[in-house]
Amino acid sequence: PTATPVPPTTGTGWAGFFRDVGRDYAQWVTLDTTGTLVVGTATALALRPLDDDVTSSRLADIGSGLTVGDEYGNLSLQVPLAVAWWGIGKATGSRKAAAAGRDLVRAQISATSWTYAIKYAVRRTRPNGDPRAFPSGHSSATFAAATVLQQHYGWKLGVPFYVLGVYTAASRIHDRKHWLSDTVMGATVGIAAGRAVTVRLRQRQVRVMPAVIDGGAMLQFVVDP
């Protein structure tokens with residue numbers, strides 16, 4: 001069987017990387033990303049009346065050992081992981097891993113910038129009294145990573161990373177760092193960021209192929225899967 005080709009990135013070198021980062025922001029006004037944001041925002045608003053009850057419970061049924069989520073969702077870990085994925089891919093000659101790592105870095109840039117723009121605009125207080133609760137940055141970072149990996153490698157890798165994202169969100173609620181609706185909106189921003197940087201992976205290319213038939217010739221338009 002032939003290997004599935006890795007779609008090329010849209011730029012080369014650092015200049016190309018920063019051009020792609022700029023294009024990522026433009027993807028936030030596409031139908032794909034807008035749909036994700038509308039559904040996610042509506043879900044966060046619908047769950048907002050449950051914030052107090054969920055926070056009061058402190059997720060007691062899950063237990064108290066959720067501290068790993070705080071570490072995993074921190075940008076001090078997510079960004080180095082993304083850079084390492086990119087670097088290892090380039091060092092080993094794996095175009096697929098390098099492309100995935102490059103997208104992981106772009107997704108973290110996009111998710112973080114949008115998360116903090118919303119945080120400073122909304123200015124919601126956290127359950128523990130600290131500022132800038134909405135949306136959860138830990139959730140946006142982990143769901144951005146999960147979405148990029150799912151788009152590049154499929155659900156076999158996507159599912160465990162989404163589970164880590166849910167675990168991280170639960171830890172933030174448990175530690176009174178965020179409300180339930182904060183984490184849902186953070187996940188929404190992360191998914192939108194991940195889909196924005198991987199849009200090319202969902203674009204099908206049309207190839208024009210000539211063919212000879214009885215009495216003449218024809219052109220075939222073949223859509224790549």
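The values are calculated or read from the model by the stated rules, or taken from the named source; none is laboratory data. Small disclaimer: the values here were computed from a predicted structure and weren't measured. Counting neighbours? That spans all protein chains shown, and the Cβs are built from the backbone with ideal geometry, glycine included. Heavy atoms of the whole protein, side chains included, go into the accessibility calculation; ligands, DNA and RNA do not. Shrake-Rupley method; radii C 1.70, N 1.55, O 1.52, S 1.80 Å.
Below are the figures for this structure:
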item	result
Partner lysines for Lys119 [C-alpha distance under 20 Å; skip if fewer than 8 residues away on the same chain]	Lys177
Fraction in percent of alpha-carbon pairs per bin - 5 Å, the range 104-192	3, 18, 25, 24, 16, 9, 4, 1
Area accessible to solvent at His138, 1.4 Å probe radius, in Å²	20
Quarter of Cα convex hull surface for the range 63-105, i.e. mean projection, nm²	3.4
Tyr116 versus Asp32: modelled label distance in nm, points set 7 Å from Cα along the beta carbon direction	2.6
The range 27-159: equivalent-ellipsoid semi-axes (sqrt of 5 x gyration tensor eigenvalues, Cα, Å)	29, 19, 15
